[in-house]
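Reviewing the structure listed below.
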Amino acid sequence: MRNLSTLRVDPRLGVGISAQIRNAIALLIADGGIQPGERLPAVRVLAGQLGVNVNTVRAAYARLAVDGLAETRHGVGTVVLAPHPSRLPVGARALGPARSPC
């Protein structure tokens, strides 16, 4: 996946590595850089690319699943989901253009 090939993490940022990975992928999904139906890199592949533990990437992917942005399918991998309001966590707002309050 070309969009994630430039992903970098920085342990000095004060934000956990797993959160950095999750945030970067979530932003790519929101910006259309990763489309629904696309597979994310295998956990071991992304961990190797970033030089982090596989459990760190697993945690990021698990959070993406909780957020309703991706799901891990046995034998397939982690796949980006199409946006759907029913998958949003309680209190979360859908990503997209801001609407006028009027």
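Note that the range 1-50 shows a convex hull volume over its alpha carbon atoms of 76 Å³ per residue. Spin-label pair E71-D31: with each label point 7 Å from Cα along the Cα-Cβ axis, the two points sit 2.7 nm from one another. Accessible surface computed residue by residue for the range 30-88, with neighbouring protein chains in place and a 1.4 Å probe, gives 57 Å² per residue.
Other residues within the sphere of radius under 13 Å centred on the Cβ of Q20, judged by their own Cβ, net out at +3 (K and R +1, D and E -1).
The values are calculated or read from the model by the stated rules, or taken from the named source; none is laboratory data. Not measured: the values here are computed from a predicted model. Cβ sites come from the backbone with ideal geometry, for glycine too, and all protein chains shown count toward neighbours. With ligands, DNA and RNA removed, areas are computed over all heavy atoms of the protein, side chains included. Shrake-Rupley method; radii C 1.70, N 1.55, O 1.52, S 1.80 Å.
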